Amino acid sequence: MLNYIIRRILYAIPILIGVNLVTFMLFFVVNTPDDMARMQLGTKHVTDEAIFKWKQARGYDKPLIYHDDAPGFQKFTDTIFFEKSLAMFAFDFGRADDGRDIALEIQSRMWPSLAIALPVFLLGLLAYITFALLMTFFRATYIDFWGVVLCIALMSVSSLFYIIGGQFLISKLWHWVPISGYTNSIDAWRFLLLPILVGVVSSAGANSRWYRTIFLEEMSREYVRTARAKGLPERIVLFRHVLKNAMIPILTGAVVVIPLLFLGGLITESFFGIPGLGSYTIDAIQSQDFAVVRAMVFLGSLLYIIGLLLTDLSYTLVDPRVRLE
Amino acid sequence: MLALSTRPISQVIKRMSSFIPAGIIASLHSAHGLRYWGCCVFLLLAGCAEPWNNPYPAAQSGENILYNAFAERPKHLDPVQSYSTNEILFTAQIYQPPLQYHYLKRPFELIPQTATTLPTVRYYDANDVALPADAEEVAFSVYEIHIKPEIHYQPHPAFARDVLGDFLYHTQTASDLKQIQKIADFEHDDTRELLADDYLYQIKRLAHPKLHSPIFGLMADYIVGLREYAETLSKHATANPDDVYLDLRQFPLSGVEKVDDHTYRIRIKGKYPQFIYWLAMPFFAPIPWEADRFFSQPGLADKNITLDWYPVGTGPYMLTENDPNSVMVLERNPNFQGEHYPAEGMPEDVENNLLQDADQPLPFIDKIIFSREKESIPRWNKFLQGYYDASGIGSDSFDQAVQISGQGETVVTEGMGEQGIRLETAVAPSTYYMGFNMLDTVVGGRTTQEKQAARKLRQAISIAVDYEEFISIFANGRGLAAQSPIPPGIEGYRDGKAGINSIVYEWHNGGPRRRSIKVAKRLLAEAGYPDGIDKKSGKPLVLYFDVTTRSADDKAILDWMRKQFRKINIHLVVRSTDYNRFQDKIRSGNAQIFEWGWNADYPDPENFLFLLYGPQRKVGNNGENAANYDNAEFNRLFERMNNMESGPQRAQIIDQMLAILREDAPWLWGYHPKDYALYHAWYQNVKPNRLSNNNMKYWRIDHNLRAQKQREWNEPVLWPLGIVFFLLMGGLLPAWLAYRRREQGRSLTTQSS
């Protein structure tokens, strides 16, 4: 298994370089360093000299990918792409255009993101599986029928509506929790209740239906018939046998997102005033801060690769037949 | 609804009992059970002296705090760099340039801030011989500024010294900084008196090679020696890349001079009367060298501890918490003293209770908390709940907030009025316009004949595009159709008949009336496009409108604009592009018609008229004249007006300039936006304006009234909890019964088999 893990980690390097290159190309196709300088320097009294100095100070005065005038290997190394990308593999993300250290920002912002994403993930998983099992247990009854109707209704509503509706009902009309905000103290729970509730409810429809489908598929297997023939109660069949055997497809969808929880939610964080990585990314895109965008895309790719690796490893835990070689 | 803060817990339980199942109620009624549940509820609602939805800690209740919101995080708080409104919002409360605007008087009037009086200005010829004040041929102007003694900086570790008098924190090592995460982690702090040197130090910082001041280019044209100074610093920085601290005291700047500890001079090339306005902006605020030295230590920047994020000033407030992702906190500077609320204002200020605090020491508020609120919906709702003290009005909440009274006045709606919310309005010193690229062959023209035809075309369009309608539909009436580039409150703006643009309007029944489409069509025909058909080619006239990429919401605006042009049979094609490409088009002169805006830096007509000054052309000169308008007579008058002090002679020249502009119509003059803002009843001493930014020291909050209203408006509504409980029970009970039935059925089947 160790060999497998090492091999997967090595595979990650060319993937990350590729992602970096694509991000770089996409970003600089629409933005030149001059555009970035103008965006940062504002619209008033911006001179060519000021733009040049801004670029020079941040290393954006060099060629993008290939330096024709440089000698030897420096043709590739004395470029914006090389200088800005290589350091990221050592987790040196550099500075944002406003001068702040990106690594420090990521460190401080990932906790608020995690404070929402982790409970949403865990509570959501629990709620969706429970609801799906309930529908499966009562399959072909009115409970199953109305459960599916409810799922489709929940799926049909935009996630933005849940946020605005939740804020309107729970905070504005009923005054139960603050509409938005965050604090780094223990008092943060008051700000997290609503986004967590909204996060769980907004994904309930799609996920519960998906898990219901998985469970129903398992219910038609022969081992279930055997269990029933042995006279096992239905709840034992469901919770002890079906749930265990349905873990592979559940893990496929669930484990891969665990590392990505650090990155937070783009819209949720904006609406609830949570200073997480999601809102950091949105801010960076809006202000054309390439340094931050690049760092966040790199981090996202890295975490996704880790998620896929964890998913593979988790298969071995739930299914002894799986061997990673 | 329950006022939990004021009722005993047993009463609360009694009220809640209608929603709680019988078993729980039984336990509530036993002595032990009551104590147990009482404790649980008490713990659950701990801190409920405050409403549950209060986003602030209970400890802040009743404190003299102003709660504000900010949407966009400031990029720079170093006064040499910060230029955006959202940055100056902070720096203006912390840093004190020598001058400021009078808070109440209009038109805007400069008064001393740290200076003892307004600066004296002396003029000199090229041989440094003094000239009279009315001299026109001036080689140099010298501004002499005296600052008040006994002004002290906020407490800061940069000033802290040990017993030997050495600075405690100027030579920190990596291990010293290990425990430091924020500025408050430094144990000691101190202060010192504000000196003339600090102002000179800041002026030198405008040329600092690493700071990129946005006004360096402009100031280098005026302050003697500043451009050369930048080169010297740049050379030094290149030659000594390892120097972390560039001590500007070691590099003299010929354009500034220290006279004594409290007096300094600035030497300007030629005559630039508008320079005095810059002395009221944070670019010319003092920076103590100790702060610069302190923050340049290696290791601090890695912890995001920089002068750009932790300002050091003498103003009424100091930034004590800076987390621009979430919250920024200004607290009263304990060393600030000596400034008082103005005793004079405008006649209406008495009626508006703006002079009640006359001569009271400033500031009134102890702490100002800015919370980051990126979305307008939560920001608006928190304002309605009393958690923000003031709010702007978004277009989606406009109807909820504002209505037009029977007398045609804009007032708050009944609901807002009942909450004690009041509306304050002010015309902004800004202009939004639609420009014609004068280098374009159709709307600008090349030959004299083409230029005359293009002028008529522009005049026709100026009549056709009805900005009164635009303001009414798209700005909810929040604007004033412009008659020229100069907005109200700025010298050169005229009310009444004398101030109208006679090309577009006629005076009718005591007010301006837009000329008819018939007139526009006549002008269009004279331009060579009768009924919108090009006489030469016989094809319909097509014009191109360049805009930055719009959201779907703006489609209505663009459709409206097409409709305006269609009134005179011109086909308008909208070319939408992203902001960068749009700027490229403007810089290279490839746009035909475009829209743009300008916010004044200072209340002088020069700050608007220079946008049409020939040498400021975008194409070729990279100036601010996006229309590339270049009229020799206008340029000549601008140069005269630019060097004159305010007065009747200058006003006359401005009139002449405006007449030229109206005739040439290089812009559709567009409109001047009106700022609408809502304030709660506890928010006092507010006189909104966009030019003076250091206003927070004048504001007052009645925090007791706020706490009372917050409690009144935010009592928790508990009945939905009961509904949720019954819904859950209603859903689960049949399921449970069905499960029981099924299990019993299975068991019977098993037994019988």
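D by Stokes-Einstein for segment A:2-90, Kirkwood Rh over Cα pairs, 10 °C, 1.306 mPa s: 106 µm²/s. Measuring with a 1.4 angstrom probe and ignoring ligands and nucleic acids, residue A:313 comes out at about 40 Å² accessible.
Using the Cα centre of the protein assembly as shown as the reference point, and only Cβ charges (+1 on K/R, -1 on D/E), how large is the resulting charge dipole? Debye, rounded to the nearest 20.
Dipole about the Cα centre, nearest 20: 5080 debye.
Summarising the label geometry, the points placed 7 Å from Cα in the beta-carbon direction at residue B:469 and residue B:725 lie 6.0 nm from one another. The H on the amide N of residue B:388, modeled in the peptide plane, is under 5 Å from the matching H of B:383, each at least 5 residues off or on a different chain.
Relative to the longest principal axis of the Cα atoms of chain A, the long axis of helix A:48-58 makes an angle of roughly 60 degrees.
Packing order of peptides B:517-529, B:599-611, highest average first: B:599-611, B:517-529 (average count of other Cβ atoms within 10 Å over each peptide's residues).
Cross-link check: pairs A:55/B:618; B:382/B:709; B:585/B:618; B:456/B:567; B:518/B:567 evaluated at a Cα-Cα cut-off of 18 Å; pairs beyond the cut-off: A:55/B:618. Which of the lysines could a cross-linker bridge to residue A:244, judged by Cα under 30 Å and excluding same-chain residues fewer than eight apart? Candidates past the 8-residue exclusion: A:230. Residue-wise HN-Hα couplings along segment A:247-264, as the Karplus relation 6.51 cos²θ - 1.76 cosθ + 1.60 with θ = phi - 60° gives them from phi, are 5, 4, x, 5, 5, 4, x, 8, 5, 4, 8, 4, x, 6, 4, 4, 7, x Hz; Gly and Pro carry x. Taking trypsin sites (Lys or Arg not before Pro) across segment A:1-79, the ones in a DSSP loop with at most 15 further Cβ atoms lying within 10 angstrom of their Cβ are A:44. Of all aspartates and glutamates in the structure, those lying under 12 Å Cα to Cα from residue B:271, and not within fewer than 8 positions of it along the same chain, are B:125, B:134, B:136, B:137, B:221, B:639, B:645. Once the partner protein chains are put back, segment B:177-220 shows a loss of at least 20 square angstrom of accessible area, versus the chain by itself, at B:212, B:214, B:216, B:217, B:218 (probe 1.4 Å, ligands and nucleic acids excluded). Of the peptides B:458-468, A:234-244, the order by per-residue mean of other Cβ atoms within 10 Å, starting with the highest, comes out as B:458-468, A:234-244. For segment B:430-675, the carbon plus sulfur part of the accessible surface works out to 48%, probe radius 1.4 Å. The residues of segment A:117-324 present an accessible area of 45 Å² per residue when probed at 1.4 Å with all protein chains retained. Surface analysis of segment B:637-680 yields an accessible area of 34 Å² per residue, using protein heavy atoms and a 1.4 Å probe. Where does chain B land at 222 nm, in deg cm²/dmol rounded to the nearest 500, when only DSSP H runs of n ≥ 4 count, each adding -39500 (n - 2.57), divided by all residues? Roughly -9500 deg cm²/dmol at 222 nm, from the helical runs in chain B. With protein chains left intact and a 1.4 Å probe, residues in segment A:1-106 average 53 Å² of accessible area per residue. When you filter the chymotrypsin sites (Phe, Trp or Tyr not before Pro) in segment B:64-119 for DSSP loop state and at most 10 other Cβ atoms inside 10 Å of their Cβ, nothing is left.
Chain A packed on chain B takes about 5500 Å² of accessible surface away from a 1.4 Å probe, both sides summed.
How large, in percent, is the carbon and sulfur part of the accessible surface of segment A:62-104 at a probe radius of 1.4 Å?
After summing per-atom areas, the C and S share lands at 63 percent.
Partner shielding of B:372-383 amounts to 6, given as the average count of beta-carbon atoms from other chains within 10 Å of each residue beta-carbon. For chain A, the mean residue ellipticity at 222 nm estimated from helices alone is -21500 deg cm²/dmol, where every DSSP H run of n ≥ 4 contributes -39500 (n - 2.57) and the total is divided by all residues, rounded to the nearest 500. Kindly identify segment B:217-272 as rounded, prolate or oblate by the Cα gyration tensor criterion: order the square roots of the eigenvalues as a ≥ b ≥ c, call it rounded if a/c is under 1.5, otherwise compare a/b with b/c, prolate if a/b is larger, else oblate. Taking the square roots of the gyration eigenvalues as a ≥ b ≥ c, segment B:217-272 is oblate.
Computed extension length for residue B:410-residue B:736: 111.4 nm, one decimal, from 0.36 nm per residue of separation with the Cα-Cα distance subtracted. Candidate cross-link partners of residue B:258 among the aspartates and glutamates, defined by an alpha-carbon separation under 14 Å and a same-chain spacing of 8 or more, comprise B:144, B:197, B:198. For segment B:155-177, backbone nitrogen atoms closer than 12 Å to the point 7 Å from residue B:244 Cα along Cα-to-C-beta are found at B:170-177. Here's the picture: a label point sits 7 Å out from the Cα of residue B:352 along the beta-carbon direction, and within segment B:407-433 the residues with their amide nitrogen under 16 Å of it are B:410-412, B:422-429.
Mean partner shielding of peptide B:56-63, defined as the number of other chain Cβ atoms within 10 Å of each residue Cβ, is 1.
Among B:236-248, B:255-267, B:303-315, A:214-226, the peptide with the highest mean count of other Cβ atoms within 10 Å heads the list, and the full ranking is B:303-315, B:255-267, A:214-226, B:236-248.
For segment A:144-262, with all protein chains in place and a probe radius of 1.4 Å, 68% of the accessible heavy-atom surface sits on carbon or sulfur. Fully extending the segment from residue A:161 to residue A:206 would add 14.6 nm, taking 0.36 nm per residue of separation and subtracting the current Cα-Cα distance. For peptide B:737-744, the mean count of partner chain Cβ atoms within 10 Å of a residue's Cβ comes to 2.
Here chain B is treated with +1 on each Lys and Arg Cβ and -1 on each Asp and Glu Cβ, and its dipole about the Cα centre works out to around 3560 debye. Annotation: extensible slack from residue A:321 through residue A:225 equals 32.4 nm (criterion: 0.36 nm per residue apart, minus Cα-Cα distance).
Would you mind checking B:75/B:182; B:105/B:210; B:536/B:563; A:53/B:367; B:75/B:105 for any pair whose Cα atoms are more than 27 angstrom apart? Pairs exceeding the cut-off: B:105/B:210; A:53/B:367; B:75/B:105.
Could you put B:388, A:142, B:739 in order of accessible surface area, largest first, with the 1.4 Å probe and the full protein assembly present?
A:142, B:739, B:388
Of the cross-linked pairs A:62/B:555; B:451/B:521; B:235/B:269; B:148/B:269; B:374/B:687, those separated by over 30 Å at the C-alpha level are A:62/B:555. Hey, how many Å between the Cα centroid of segment B:598-651 and the Cα centroid of segment B:392-418? Comparing the Cα centres of segment B:598-651 and segment B:392-418, I get a distance of 38 Å.
The values are calculated or read from the model by the stated rules, or taken from the named source; none is laboratory data. This is a predicted model, so every value here is computed, not measured. Methodologically, a virtual Cβ is constructed for each residue, glycine included, from the backbone with ideal geometry; neighbour enumeration extends over all protein chains shown. To get the accessible areas, we keep the full protein, side chains included, count just its heavy atoms, and leave off ligands, DNA and RNA. Shrake-Rupley method; radii C 1.70, N 1.55, O 1.52, S 1.80 Å.
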